[in-house]
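Data block below; observations after.
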Amino acid sequence: MSSVSERLGASTAAPTGRHAQLRPSDEDALRAELRRLQTSTGMPVLFGGTVHGGDMLLSGFVGTRSGILRDLVISSECGLGGKVVAEQRPGAVSDYFNSRQISHEYDREVAGEGIESLLAVPVVVRRRTRAALYGGLRTNLPIGDVVVEQVLRSARTLAREIEIRDEVDRRVALIDNARAAAPPAVSAAVSEGITESYLALREIAAQTSDPAIEARLREVEEKLRTLTGGNAAPAVRLSARERDVLAYVALGCRNAEIAERLALSVETVKSYMRNLMGKLEVGSRHEAVVEARRQGLLP
């Protein structure tokens with residue numbers, strides 16, 4: 001019998017190499033969503049898995065009585081879960097073993113958990129199914145609309161979390177590629193692009209409560225600071241907020257726009273500008289950007 005990894009194959013949306021070590025586990029995010037669903041729905045059985053190369057590996061379980069579902073690989077289009085993954089739309093059966101709507105490759109495993117009614121909802125990110133959430137009843141009853149809506153909401157939440165992680169990975173890869181290819185003297189256009197990437201990552205991170213994303217962002221910030229050759233220790237130290245304000249100034253944003261992007265008042269932005277200009281010992285916004293880049297405080 002082939003191993004789970006061999007059956008799933010190498011094709012997966014998750015990053016490889018060093019990024020694979022940095023990316024927070026999508027399986028952990030799925031398990032957290034299942035725990036929240038148990039609290040909100042009271043469903044006796046909840047489980048789910050992430051999709052790799054078209055097939056799904058079950059890896060999250062709440063309320064199961066045995067290990068029969070653990071590490072089960074759901075083949076594309078097989079069973080209720082495979083159908084949901086392939087068609088990218090939710091499905092439910094209230095009389096599982098007599099249902100003609102699905103194939104029955106996994107009847108033994110479903111019976112092993114005593115499940116008679118089953119709901120499956122896909123987690124779709126940018127038109128690709130990345131995971132699925134299941135809810136099961138150990139009685140032959142329809143699963144109510146309120147529960148279905150809560151599972152749908154959880155699937156959308158998980159999809160957004162995975163999308164955020166994908167975007168962080170994409171931008172980190174772009175930064176790494178730029179770092180490898182950039183000549184000693186970086187052009188203004190490249191520098192501006194790096195700054196935009198840094199700020200975009202900050203905005204993305206603000207949409208998630210995952211502390212691992214925040215930890216990754218701090219590492220990305222350090223990469224960006226040294227990307228253009230500013231490896232020497234800067235003469236002054238700017239706070240994270242001062243650096244954010246200055247980064248937007250480097251992109252040509254006015255105080256009002258910076259205030260809107262950072263959810264600050266215009267007066268607060270002006271205060272940050274006064275402080276950082278004093279630290280850099282400059283007399284204008286342009287001079288502040290030039291000096292900050294010279295010291296490696298900005299890419």
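The values are calculated or read from the model by the stated rules, or taken from the named source; none is laboratory data. Predicted model only: the values in this text are computed from it and were never measured. With ideal geometry, Cβ positions are generated from the backbone for all residues, glycine too; neighbour counts draw on all protein chains shown.
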Name, by its number, the condition in (1) buried (at least 19 other Cβ atoms within 10 Å of the Cβ); (2) basic (Lys, Arg); (3) at pLDDT below 95 that does not hold for Arg160.
(1)
Taking interchain pairs and intrachain pairs at least six residues apart, which have beta carbon atoms under 8 angstrom, with the first residue in the range 120-131 and under 17 Å from Glu149 (Cβ atoms) and the second assigned to a strand (DSSP E or B) and of a type in the set (Ser, Thr, Tyr)?
Ala120/Tyr134; Val121/Tyr134; Pro122/Thr129; Val123/Thr129
Write out, first by first residue and then by second, each pair whose Cβ atoms fall under 6 Å of each other, whose residues are 6+ apart or on separate chains, and whose first residue, in the range 210-225, is among the basic types (Lys, Arg) while the second is modelled with pLDDT under 65.
Arg216/Leu22; Lys223/Ile175
Name the pairs whose Cβ atoms lie under 7 Å apart, with the first residue in the range 252-274 and assigned to a helix (DSSP H, G or I), the second surrounded by fewer than 17 Cβ atoms within 10 Å (Cβ to Cβ) and basic (Lys, Arg), and 6 or more positions between them or separate chains?
Asn255/Lys270; Tyr272/Arg241
Quick count over the range 115-160, residues being farther than 18 Å from Ser99 by Cα and not in a loop (DSSP other than H, G, I, E, B), is 26
Could we say that Val84 is of a type outside the set (Lys, Arg) and part of a helix (DSSP H, G or I) here?
yes
I'd like the residue in the range 232-248 that is among the hydrophobic types (A, V, I, L, M, F, W, C) and surrounded by 18 or more Cβ atoms within 10 Å (Cβ to Cβ) and, out of all such residues, is farthest from Lys279 (Cα to Cα).
Ala247
Being surrounded by fewer than 20 Cβ atoms within 10 Å (Cβ to Cβ), farther than 20 Å from Thr139 by Cβ and not aliphatic (A, V, I, L, M), is that true of even one residue in the range 58-68?
yes
Just to be sure I understand, how many residues within the range 249-258 are crowded, with 20+ Cβ neighbours inside 10 Å and in contact with a Ser or Thr (Cβ under 9 Å, 6 or more places away or on another chain)?
1
Scanning the range 44-54 for residues that are at pLDDT 95 or above and not β-branched (Val, Ile, Thr), the one nearest to Arg138 (Cα to Cα) turns out to be Pro44
